[in-house]
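Report on the structure given below.
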Amino acid sequence: MDGIGGRVALVTGAAGGIGRAVCAALAGAGAQVAAADLDAVPAESAGVPDAAAAEELKGATPYRLDVRDPRAVEETVAAVERDLGPIDILVNVAGVLLPGRAAETDDERWRRTFAVNADGVFHASRAVAARMTPRRRGAIVTVGSNAASVPRVGMAAYAASKAAAAMFTRCLGLELARHGIRCNVVSPGSTDTAMLRALAGDRDPEEAQSAVLDGDPAAFRVGIPLGRVADPADVAGAVLFLASDQARHITMHDLLVDGGATLRT
């Protein structure tokens with residue numbers, strides 16, 4: 001894909017399902033990928049390496065990074081540029097989902113959610129944008145959520161943090177447009193990741209998936225018109241497009257990848 005080959009791309013949250021898929025998509029298009037995460041190596045289950053994760057991260061350079069720490073972000077960005085070269089693409093994927101009703105959410109869960117989902121996007125984008133600006137080129141893509149635009153029962157902190165990250169990214173895009181830097185958002189809906197499976201808890205997997213596809217009137221939630229849960233590769237494809245030169249005239253855009261679940265609200 002035009003504008004990806006030979007470029008240096010930094011991906012946060014690289015050990016997760018969407019993050020791994022983004023790394024794979026960028027690497028497959030010829031980018032040099034810096035895969036940053038609190039756990040930079042592929043995820044493990046019961047001490048057994050996840051072979052799929054290892055394959056997806058193959059060829060990427062791992063960096064341990066806590067996006068909540070602005071100093072660590074600065075140091076990691078500097079290290080990536082020293083090791084691989086100037087960063088041309090930043091993809092903010094790192095995120096957490098700590099469900100809970102709004103009036104029952106304690107301070108710690110609220111702060112932790114915003115520290116990763118909103119502060120992390122701010123820290124990484126600020127550090128990379130400062131370096132992109134004098135070079136007058138670059139693309140920043142933030143992976144948000146369709147929950148940022150539709151109220152969700154039990155997801156107030158998550159939805160609010162994702163809304164903050166999305167609007168920050170769009171404001172950044174407005175400010176950086178004159179420097180030739182594009183900033184966009186990809187907002188997935190339900191995606192087949194560990195995060196979605198954790199939401200199901202102890203429910204039967206088929207029952208849980210049916211609830212996602214069909215919707216839940218008791219929770220004021222519509223289903224997915226396309227009748228399928230997204231694969232991480234679906235989200236990665238949208239990220240790849242917005243990071244490429246094929247999207248060279250697109251900035252401040254929020255691309256929903258949710259099978260129509262928000263009904264474009």
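Where a number appears in this text, it was derived from the coordinates with a stated rule and is not lab data. No experiment lies behind these values; they were computed from the predicted model shown. Using ideal geometry, Cβ is built from the backbone for each residue, glycine included, and neighbour counts are taken over all protein chains shown.
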Explain nothing, just the number: dipole magnitude of the range 176-265 about its Cα centre with +1 on each Lys and Arg Cβ and -1 on each Asp and Glu Cβ, in debye rounded to the nearest 20. 620
Can you work out ³J(HN,Hα) from phi for every residue in the range 245-260, in order, using Karplus 6.51 cos²θ - 1.76 cosθ + 1.60 and θ = phi - 60°, giving whole Hz and x for Gly and Pro? 6, 5, 10, 5, 10, 10, 8, 6, 9, 10, 9, 7, 10, 9, x, x
FRET efficiency for residue 71 and residue 103 from the Cβ-Cβ distance with R0 = 25 Å, rounded to 0.05, comes out at 0.10
How large is the translational diffusion coefficient of the range 93-188 in µm² per second when you combine the Kirkwood radius over alpha carbon pairs with Stokes-Einstein at 10 °C and 1.306 mPa s? 115
Determine ³J(HN,Hα), in whole Hz, for all residues of the range 191-200 in sequence, where each value follows from phi through the Karplus function 6.51 cos²θ - 1.76 cosθ + 1.60 and θ = phi - 60°; x replaces Gly and Pro. 10, 6, 9, 4, 4, 5, 5, 5, 5, 6
Which residues' amide hydrogens lie under 5 Å from the amide hydrogen of residue 31, considering only partners 5 or more residues apart or on another chain, with H built in the peptide plane? 6
Residue by residue, what Karplus-based ³J(HN,Hα) values in Hz, rounded to whole numbers, does the range 88-95 have, using 6.51, -1.76 and 1.60 with θ = phi - 60° and x for Gly and Pro? 9, 9, 10, 10, 8, 10, 3, x
Using the crude model of +1 on Lys and Arg Cβ and -1 on Asp and Glu Cβ, and no other charge, please compute the dipole size for the range 79-158 relative to its Cα centre, in debye to 20. 320
Amide H of residue 253: which non-local residues (sequence gap of 5 or more, or other chain) have their own amide H closer than 5 Å, using H built in the peptide plane? 185
On Cα atoms only, tilt of 70-83 relative to the major axis of the chain in degrees: 50
Sequence-distant or interchain residues sharing an amide H contact under 5 Å with residue 96, placed H: which? 117
In debye, nearest 20: dipole of the chain around its Cα centre with unit charges on the Cβ of K, R (+) and D, E (-)? 1140
Global size of the chain as Cα Rg and Dmax, reported in angstrom: 17.6, 53
